[in-house]
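The values are calculated or read from the model by the stated rules, or taken from the named source; none is laboratory data. Everything quoted here is computed from the prediction, not taken from an experiment. Positions of Cβ are generated from backbone atoms using ideal geometry, with glycine treated the same way; all protein chains shown enter the neighbour counts.
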Amino acid sequence: MSSMGKTTIAELSKKLKSENFPYQDIIDLTFHSDKQIAFRAAWLMDTMYFDDPLFYLNDTDYLLKQIPDIKYPASKRHYSRIVLNLTSAKAPKVIKDKLASTDLRPVVECFFDWMIDLKVKVAVKVFAAETLFNLRQRYPWINDELESQIHYLMRNGSAAIQSAGKRILKELRNVDN
């Protein structure tokens, strides 16, 4: 599995979908004890989701419940990217309806933890911050905490953190007006 590239992952994604391979089994593989297998599984999970998000709608709750238990940095990136998409204003209504009946507080808490954790990669922090921004109306307390965390990250943050932080802070201010 370690020699898989983008093309192989894309082909496998289509094959697994056509065979109705259980998405939850792919999610479970993202916790494999072998980091390379877990990474490839997370990449595959991500690819499968983005190929057809609505096809995996029934697995959304299962995916979201796994987030607090993620250990591998590469898996965090793929999960946070999927959750960002799920919470996007552009998400289809059926996804929004599904999330409306889902308790997202464990995800919110986890994403704040990831923003604070010095070991978490920049892309994950940015995906987490953007997801939290998307959830600010559902959980109004997010606004102040998110703004504080972004200011803190921007103090010594990379160019990517600076750029994303400025954009999110601007959007937060525009929402307030």
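For Glu109, are the conditions met, namely being exposed (fewer than 15 other Cβ atoms within 10 Å of the Cβ), modelled with pLDDT of 95 or more and under 16 Å from the mean Cα position of the chain (by Cα)?
Working: exposed (fewer than 15 other Cβ atoms within 10 Å of the Cβ): yes; modelled with pLDDT of 95 or more: yes; under 16 Å from the mean Cα position of the chain (by Cα): yes.
Judged against the criteria, Glu109 is a match.
So in region 23-56, with the set limited to residues that are part of a loop (DSSP other than H, G, I, E, B), in contact (Cβ under 8 Å) with a residue 12 or more places away in the chain and not hydroxyl-bearing (Ser, Thr, Tyr), which one is surrounded by the most Cβ atoms within 10 Å (Cβ to Cβ)? Before you say what the answer is, go through the steps one by one.
Pass one, region 23-56, residues part of a loop (DSSP other than H, G, I, E, B): 30-34, 52.
Still in the list and also in contact (Cβ under 8 Å) with a residue 12 or more places away in the chain: 30-31, 52.
Next cut, not hydroxyl-bearing (Ser, Thr, Tyr) only: 31, 52.
Details: Phe31: 16, Asp52: 12.
That would be Phe31.
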Being touching a residue at least 40 places away in the same chain (Cβ under 8 Å), within 23 Å of Ser158 (Cβ to Cβ) and within 11 Å of the chain's Cα centre (by Cα), is that true of even one residue in region 57-69? no
